[in-house]
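Report on the following structure.
Quick note: the coordinates plus some simple rules give every number you see, no bench work behind them. Bear in mind that the values here come from a model prediction, so they are computed numbers and not experimental data. Here the Cβ positions follow ideal geometry from the backbone for every residue, glycine too, while neighbour counts run over all protein chains shown.
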Amino acid sequence: MVGKAEPVNGSVKSGSNQSIPAAMQSPLKKSDLIPNLSLKTLKLKTKQQELLIRVSILCLVYVLAFITRLFSVLRYESMIHEFDPYFNYRTTLFLTEKGFYEFWNWFDSESWYPLGRIIGGTLYPGLMVTAAIIYWLLRFLRFAIHIREVCVLTAPFFASNTTLVAYFFGKEVWDSGAGLVAAALIAICPGYISRSVAGSYDNEGVAIFALLLTFYLFVKAVNTGSLAWALASAFGYFYMVSAWGGYVFIINLIPLYVLVLLITGRYSMRLYVAYNSMYVLGMLLAMQIRFVGFQHVQSGEHMAAMGVFFLLQVFFFLDWVKHLLSDTKLFQAFLRITVTTAIAVGAIALGVGTASGYISPWTGRFYSLLDPTYAKDHIPIIASVSEHQPTAWSSFMFDFHILLFLFPAGLYFCFKRLSDATIFIVMYGLTSIYFAGVMVRLILVATPAVCLISAIAVSATIKNLTLVARAKNKVTQTGFVRGSSSLKGSSKASLDQSQPFQRNGAIALLLGAFYLLSKYATHCTWVTSEAYSSPSIVLAARGAHGNRVIFDDYREAYFWLRKNTPPDAKVMSWWDYGYQITAMGNRTVIVDNNTWNNTHIATVGRAMSSYENEAYEIMRSLDVDYVLVVFGGVTGYSSDDINKFLWMVRIGGGVFPVIKEPDYLVNGEYRVDKGAAPKMLNCLMYKLSYYRFGELTTEYGKPPGYDRARGVEIGNKDIKLEYLEEAFTTSNWIVRIYKVKPPNNRWERCSIFTLGPHCAALPFSGNVSWLGRINFSTNAGIG
Amino acid sequence: MARSTSKDAQALFHSFRSAYAATPTNLKIIDLYVGFAVFTALIQIAYIAIVGSFPFNSFLSGLLSCIGTAVLAVCLRIQVNRENKEFKDLPPERAFADFVLCNLVLHLVIMNFLG
């Protein structure tokens, strides 16, 4: 214990080289000179000191991960953000009110009118069940908390738990120092924070915890070969399957890892035990989730795992036979026969399965990861989501900062000390970085790998540097009784000439590392505060005098819907707002964010892009009572429906060829001013967005009808609505609600000048007045 | 050519049999159990080839219970086999306890999935 204290890497945060082993100092009563706030007065041994430092660092990191995600709760209020979390909130509310059985078998008629949605069978229940369990636990302890608070704070809580798992994972892969650094890095990494702030009650908040837990338990199982750890990893996998559709990544990465181990010759009995038990138990548990169903045996995305399972059986069977037989020649013959039979059987089975369609091919969502151009040509709905776009370099830098160049450094260290665990983390890192490059949303999946590998780089580098920096102390301490705090000892003369330079260089590099890490911490906090803490449903801006202006239009509109419309009213809007309307407005919607029925969405898209009379027919066929549009022309809000309009045209045109995208463009350009296409100026979306807008002056010095989001004066200011009437416009004109007028009670006098649905249908009925009948003959057959 | 391969196969079979006779009894019991489980799985596959696979969840749960217990028994055999140097420190009681626990979980899930 004398003079051999290992450099505690937790000192990354404190940057100090001053931790002195107590055993070195206590006989000399050094503690008398230092005030009571010192570890030495606790008379702890080095191991206990180290444990105390580690535990306190982990506690601090745990708290840090939680509080750094609370910006939006402090700035606005404790509410659910964005779009998808509202659906999760609604289902959690239902679960806590009605119980698990009702939740599991829930058929919802309030969305996708008139089709309805089987919610019980088409969602991932992990998140809702987790929040409900926390809620019931707190209620049991008599904390009178509302389910919304639990929902809002679930993601930060699980982010804190993720840091703990990252610590254990780092400890498993490298050592406890790397674990601590990994925990600290992942606590504040913006790539993870973006989907786990307080209020972002979405599947990823829980899924990343489950992902890292499954990987950690599996690596532990491979390292120890214990069935208990494999069982634990199967349960981790079950939790992941219940939480997120991204579990496909796990079920493909782990077989790939097993394959790599087999190829590189690192296989062992432990691998067999770990993978097989995890696969069989995990697969069975996963099939309990209704949404996943039989995909593990029927879907092409899961076939890799099954293939590797059979391969392992064959491989280890051959290994066992080889071990049993003494004659190698016979064994070679046997080997040849078995291998060829096995490959032939496998290939035939796969071929027959795929050709007959029993094994379904890769779904569009995942196929577009392998072929990024697929979605744009074939599935416009997937291509239209902004999170599915390829990642720019600036996004990588924004979300990872220094981890971006620490990642290759960490890869170098991993390759220097290859083991089963480091091979796994390298594979996880490389595959996840590739996918992160294909889709912005998947930076989230890459974040734990990048943090872990960077932590290895940081930890190994700092360990080496501190060893060099303390090397002089070892030589001097044999002769000195004064503490190593006096680094400029007078024994320089007795040392090598290179030692001081090495030591100074090491200290300089350590200071540089400390500077970089503190820059990282600053950057992460700034990014969290500026970019990732906005609720999206409440907008804020700076007023003319620098004061903060809040736009709460969305909730205003949904509350109006809730209070001023009949309970069975049906609302038509673009699918982005469906979840929010059902959750907050409590009204039936036509389409929502689940986007499971492309034709239904295309029908709505067609209605929005048609002229008013054609749209009225579609709306009557869908029983629509209210139409909701989002308009950003007054406030300059750029995520409004006019900017999304081309996607409505594309999706509608994908199913109904009558809608053609070039009709709405002028020379390939999308315009809303005087030079816009005539179909654009008269379609329903344009009319509903700009109704009465032509009279409004939005900016000083600009003509009335100046659209601040597009920066132009609109082309068609004199808009008259025939089949709809304006019901409500929010205070900043962001959400506009229109009521669909019911058809007339009596037949209008039809002439050749009034065409439309209310003039048609019953050509020779007795209800028509004798005056009407005279004019009717001109319209016979028009309908 | 055929005679040489058949002689090869016979020689292979004989040497395999003599080597296998040398394994300890407890491992042979486990092998017997694995063989029984695989045999049951084959019977089930023959059944669906004749009758059809409805309801699919019941078929899967039956088949996977056989394969699952076979796999777990093989894992037990690996951990209990005294020739495996990696598992030298693992007491066989612990291996058996893990085996029982995993089987318990397996069959509970099967019971739920059986419908």
Point to revise | Whichever aspartates and glutamates have a C-alpha closer than 12 Å to that of A:LYS717, once near sequence neighbours (fewer than 8 apart) are set aside | key: A:ASP673, A:GLU695, A:ASP707
Point to revise | Listed residues B:SER15, B:PHE36, B:PRO91: farthest to the positive end of the dipole of region B:1-107 (Cβ charges) | key: B:SER15
Review point. Can you sort A:SER432, A:SER639, A:SER196 by how many other beta carbons sit within 10 Å, fewest first?
Key: A:SER639, A:SER432, A:SER196
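Could I get the Rg over Rh figure for region A:362-454? Both from C-alpha atoms, Rh via Kirkwood, rounded to two places.
Result for region A:362-454 is an Rg/Rh of 1.05.
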Revision key, fill the gap. Relative contact order of chain B (C-alpha contacts under 8 Å, at least 6 apart) in percent is 28
Exercise for review: Only helical DSSP H runs with n ≥ 4 go in: add -39500 (n - 2.57) per run for chain A, normalise by residue count and round the 222 nm mean residue ellipticity to 500 deg cm²/dmol.
Suggested key: -18000 deg cm²/dmol
Review point. Once the principal axes of the Cα atoms of region A:636-727 are found, what is the range along each, listed largest first in whole angstroms?
Key: 42, 30, 23
Check your understanding: Roughly how big is region A:204-326's charge dipole about its Cα centre, with Cβ charges of +1 (Lys, Arg) and -1 (Asp, Glu), in debye to the nearest 20?
Key -> 220
Check your understanding: Relative to the first principal axis of the alpha-carbon coordinates of chain A, what is the inclination of helix A:598-609, with its axis defined by its Cα atoms, in degrees from 0 to 90 and to the nearest 10?
Key -> 50
Check your understanding: To the nearest 20 debye, what charge dipole does the protein assembly as shown have about its Cα centre, counting +1 at the Cβ of each Lys and Arg and -1 at the Cβ of each Asp and Glu?
Key -> 3100
Practice item. Would you mind classifying region A:549-740 by shape? Square roots of the alpha carbon gyration tensor eigenvalues, ordered a ≥ b ≥ c; an a/c under 1.5 is rounded, otherwise it is prolate if a/b is larger than b/c and oblate if not. Key: oblate
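Pairs A:LYS376/A:LYS679; B:LYS28/B:LYS88; A:LYS220/A:LYS376; A:LYS463/B:LYS88; A:LYS644/A:LYS674; A:LYS563/A:LYS741: which are spaced more than 30 Å apart, C-alpha to C-alpha?
Check vs 30 Å cut-off fails for A:LYS220/A:LYS376; A:LYS463/B:LYS88.
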Study note, to complete from the structure: Within the set B:ASP98, B:ASP89, B:ASP31, GNM on chain B using Cα springs under 10 Å gives the largest fluctuation to B:ASP89
Check your understanding: In whole percent, what relative contact order does chain A give with Cα contacts below 8 Å and a gap of six or more residues?
Key -> 12
Practice item. Round to the nearest 10 and give me the degree value, 0 to 90, for the angle of helix A:443-477's Cα axis relative to the longest principal axis of chain A. Key: 20
Point to revise | Cα pair distances exceeding 24 angstrom across region A:251-399, given as percent | key: 52
Review point. For chain B, what percent of Cα pairs sit more than 21 Å apart?
Key: 54
Exercise for review: Return a whole-number percent for the relative contact order of region A:86-156, with Cα pairs under 8 Å and 6 or more residues apart as the contact set.
Suggested key: 28
Practice item. Name the residue farthest towards the positive end of the dipole of chain A from the options A:VAL219, A:PRO566, A:LEU465, assuming +1 on Cβ of Lys and Arg, -1 on Cβ of Asp and Glu, about the Cα centre. Key: A:LEU465
Point to revise | GNM result for chain B, Cα springs below 10 Å: residue of B:LEU63, B:LEU12, B:LEU101 fluctuating most strongly | key: B:LEU12
Point to revise | Sequence-distant residues sharing a close amide H with A:GLN288 (under 5 Å, placed H) | key: none
Exercise for review: Could you work out the local net charge near A:ARG548, counting Lys and Arg as +1, Asp and Glu as -1, over the other residues with Cβ closer than 10 Å to its Cβ?
Suggested key: +2
Study note, to complete from the structure: In whole angstrom, largest first, the equivalent ellipsoid semi-axes that the Cα gyration tensor gives for region A:204-326 are 26, 16, 12
Point to revise | Exposure proxy order (Cβ contacts within 10 Å, fewest to most) of A:LEU95, B:LEU114 | key: B:LEU114, A:LEU95
Review point. So what is the 222 nm mean residue ellipticity for chain B from helices alone, if each DSSP H run of at least 4 adds -39500 (n - 2.57) and you divide by all residues, rounding to the nearest 500 deg cm²/dmol?
Key: -29000 deg cm²/dmol
Exercise for review: Calculate the length of the line joining the C-alpha centroid of region A:122-185 to that of region B:52-115, in whole Å.
Suggested key: 30
Exercise for review: State to the nearest 20 debye the size of the charge dipole of region A:572-660 about its Cα centre, where the only charges are +1 on K and R beta carbons and -1 on D and E beta carbons.
Suggested key: 220
Exercise for review: Using DSSP, restrict attention to beta bridges with both residues in the protein assembly as shown and report what percent are antiparallel, rounded to the nearest 5.
Suggested key: 80
Check your understanding: Looking at A:LEU318, A:ALA540, A:TYR76, which one has the Cα that reaches farthest to the positive end of the dipole of chain A (charges on Cβ: Lys, Arg +1; Asp, Glu -1)?
Key -> A:LEU318
Review point. When Lys and Arg each count +1 and Asp and Glu each count -1, what net charge do the other residues less than 9 Å away from A:ARG710, Cβ to Cβ, add up to?
Key: 0
Check your understanding: Counting only residues 5 or more places away or on other chains, whose amide H sits under 5 Å from the amide H of A:LYS570 once H atoms are built in the peptide plane?
Key -> A:ASP625, A:TYR626
Revision key, fill the gap. In degrees rounded to 10, the 0-90 angle between helix A:403-416 Cα long axis and the longest Cα principal axis of chain A is 50
Exercise for review: Once every Cα of the protein assembly as shown carries one equal point scatterer and solvent is ignored, give the base-10 log of I(q)/I(0) from the Debye formula at q = 0.06, 0.07, 0.08, 0.10 Å⁻¹, two decimals.
Suggested key: -0.56, -0.74, -0.91, -1.22
Revision key, fill the gap. Charge tally for neighbours of A:ASP420 with beta carbon under 11 Å away, counting Lys, Arg as +1 and Asp, Glu as -1, is +2
